[in-house]
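Reading through the C-alpha cells given below for one structure.
We did not get these values from a lab; they are worked out from the coordinates using the rules stated. What you see is a predicted model; the values in this text were computed from it and never measured. Cβ atoms come from the backbone with ideal geometry, glycine included; neighbour counts cover every protein chain shown.
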C-alpha cells in the first residue's frame with residue numbers, strides 16, 4: 001500500500017513552482033509527467049499539453065518567459081488527499097508582448113508518486129484570462145455555440 005501524500009511535499013512543490021526555476025521544478029517531476037494547461041492556446045500560448053520531464057522543463061525555460069513574467073500565485077485554498085492535491089487561487093503575471101498585467105482565477109489538480117509530480121492539470125478562468133491577453137472583452141452574443149450545442153448567448 002502506498003503512503004499518503006505528505007503536506008510538506010505539496011508545500012515544497014508550490015514553493016518551487018512559484019520560484020519558476022526550471023531546474024528546481026524539474027527536480028520535483030516524474031520522468032513521464034503529464035502537464036496540461038487548459039485554455040485557448042492560440043490566444044494564451046502558455047496553454048497546451050506537455051509530456052515528460054524534459055518537455056516541462058523546456059516549457060518553463062523557453063516558452064513561458066517569452067509570453068509572461070510571473071508575478072505571483074495567491075493560494076486561496078490548498079487541499080491534500082490521498083496521492084493528490086487541489087488548489088484554487090489567483091495567478092498574476094505580466095504579458096510580455098503587450099506589457100499588460102494579467103490576473104485571473106486558476107485551479108490545479110496534481111497527482112504525486114514517490115514525492116514527484118506525475119500529473120499536473122491547470123484549469124484557468126480562460127474567458128477572463130483570454131480577454132486580458134487580447135486586451136478587450138470577447139463578444140459572446142453573436143450566436144456562439146457551446147460544446148453541448150446550446151446557444152451561449154442571444
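The label-point distance for residue 86 and residue 100, in a model that sets each label 7 Å from Cα toward Cβ, rounds to 3.1 nm.
With a Förster radius of 22 Å, plug the Cβ-Cβ distance of residue 38 and residue 113 into 1/(1 + (r/R0)^6) and report the FRET value to the nearest 0.05.
FRET efficiency, residue 38 to residue 113: 0.50.
Gain on full extension, evaluated as 0.36 nm per residue between residue 15 and residue 137 minus their Cα-Cα distance, stands at 40.6 nm. Per-peptide packing, taken as the mean over residues of other Cβ atoms within 10 Å, places 105-114, 62-71 in the sequence 105-114, 62-71 from highest down. Note on residue 123 and residue 23: the model spin-label points, each 7 Å out from Cα along the C-beta direction, lie 3.6 nm apart. Size check on region 7-133: the Cα extents along the three principal axes, sorted descending, read 40, 29, 22 Å. Residue ranges 21-28, 93-100 sort as 21-28, 93-100 when ordered by packing (mean number of other C-beta atoms within 10 Å per residue, highest first).
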